[in-house]
Amino acid sequence: MAAILKDLYSPELIEAIGQATTQLLPSFDSGKLLKGCLTADWSALKLMERRDRLTTQLHVQLPADFALAAPIIQQVGQQFTGLAAVVFPNYVATYGLEDWQLSMALLADLTQYSSAEFAIRPFLVRYPEQTSQQMLHWAHSESAAVRRLASEGIRPRLPWGLRLTQYVDDPTPIMPILTQLIFDDSEYVQKSVANNLNDISKDHPELVIAFAQKYWRQNDRTDWVLKQGLRTLFKQGVPAVLQLQGYDIQAAKLLEPVSLTPTTQTAAMGTTSLLHYQVTAKQPVPVYLGYRVHYVRQNKTDAFKDFFVKRTTLKKGTPLTGDLKIKWRQLTTRRLYEGIHTIELLVNTQVVAQSQVDLTQIE
């Protein structure tokens, strides 16, 4: 059975953190920490709720003065890595908000063992100019983890993180940070820059397109970052984005009749639909091949999701063939309902063929 993410905060981890804290603060009772966390509602708590519970229970026994608690959090935090260790930066965000200078130094250290991407956000809300300047300074750090924090922490729409509405409205303060990091040689940093650009593109597409046009074709890694940062706009078929990447949004006009044929018109929950496609071009043309599934909602309205198939160049008169496999499974992120699901074949984000599958026997 796959591990449940929230179980990263296990009794064993809590006990280990308690024991590590006791080594620095003999009065600290690791048993009391464990008992304070594992109350009757523990099993129902989500990942970040468990993080917050552990943060609170650490504070119960640590010095109330943040300046005294900070070196303990720092030394204990250096002994733990991975996602669960965000509890230590979270302590800083929760109890160090009044001590900006000490908190900045502590977050820069702790992010190298886990990540302070969530913890920095309350400081950006409370001290926007001061903290954004600190993050620009971090963008020049020798540590890839600190440079990554400069980008990841200021993402407007960071998943699981506090939404930074001031940067959703005006991302201007973010751009000097991304300008500094666009040539970063760390993949860890590159992925963050790409995700930050993608966040911004959802509200300010013109700004991201202009940024991409400025840095396009500088080197292979920069192009990879920009492609990832433009992925939402690419799926939307924005002409400037397609053109930048060498794809003609009018490529459908260069195709011979295109087919998309399901092996069966009906499907049941737990089965897989197979749809055969064939695409032929009148002349060589680069294509981004994908497909779109229109999922039926409970109220019978439509909701679609796009899927990538391949990037290739069609040869004149040579059919490109293949099969699409659609698994009809219930997911925590998407509930399936009975009804006719339309599947569309996409070339350079434009619909070139479609078919339908009637989904039945929903559990």
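The values are calculated or read from the model by the stated rules, or taken from the named source; none is laboratory data. Because the structure is predicted, anything quoted here is derived from the model rather than measured. No Cβ is skipped: glycine too gets one built from the backbone with ideal geometry, and neighbour counts run over all protein chains shown. Just so you know, the surface numbers come from the protein's heavy atoms only, side chains and all, with ligands and any DNA or RNA stripped out. Shrake-Rupley method; radii C 1.70, N 1.55, O 1.52, S 1.80 Å.
Looking at ALA69, ALA84, just one residue is small (Gly, Ala, Ser), touching a residue at least 60 places away in the same chain (Cβ under 8 Å) and either farther than 21 Å from VAL125 by Cα or not in a loop (DSSP other than H, G, I, E, B) (or both), and that residue is ALA84. The sole residue among GLN130, GLN61 that is surrounded by fewer than 15 Cβ atoms within 10 Å (Cβ to Cβ) and either in contact (Cβ under 8 Å) with a residue 24 or more places away in the chain or in contact with a Pro (Cβ under 6 Å, 6 or more places away or on another chain) (or both) is GLN130.
Would you list the helices (runs of 4 or more DSSP H) that sit entirely within the stretch 154-266 and hold 1 or more residues that are within 30 Å of GLY317 (Cβ to Cβ)? Spell out the reasoning first.
Details: elements: 165-169, 175-181, 187-201, 205-215, 220-229, 231-235, 239-244.
The qualifying helices (runs of 4 or more DSSP H) are 220-229, 231-235, 239-244.
When ASN299 is tested against (1) part of a strand (DSSP E or B); (2) surrounded by fewer than 17 Cβ atoms within 10 Å (Cβ to Cβ); (3) of a type outside the set (A, V, I, L, M, F, W, C), only condition (1) is not met. For the stretch 323-345, enumerate the residues that are of a type outside the set (A, V, I, L, M), assigned to a strand (DSSP E or B) and surrounded by 14 or more Cβ atoms within 10 Å (Cβ to Cβ). Within the stretch 323-345, GLY339, HIS341, THR342, GLU344 qualify.
Inside the stretch 104-114, residues that are open to solvent by 10 Å² or more (accessible area, probe 1.4 Å) and of a type in the set (S, T, N, Q) make up a count of 2. Going through the stretch 1-30 one residue at a time, which ones are assigned to a loop (DSSP other than H, G, I, E, B), surrounded by fewer than 18 Cβ atoms within 10 Å (Cβ to Cβ) and either modelled with pLDDT of 95 or more or within 24 Å of the chain's Cα centre (by Cα) (or both)? Those that are assigned to a loop (DSSP other than H, G, I, E, B), surrounded by fewer than 18 Cβ atoms within 10 Å (Cβ to Cβ) and either modelled with pLDDT of 95 or more or within 24 Å of the chain's Cα centre (by Cα) (or both): ALA2, ALA3, ILE4, SER10, LEU25, PRO26, SER27, ASP29.
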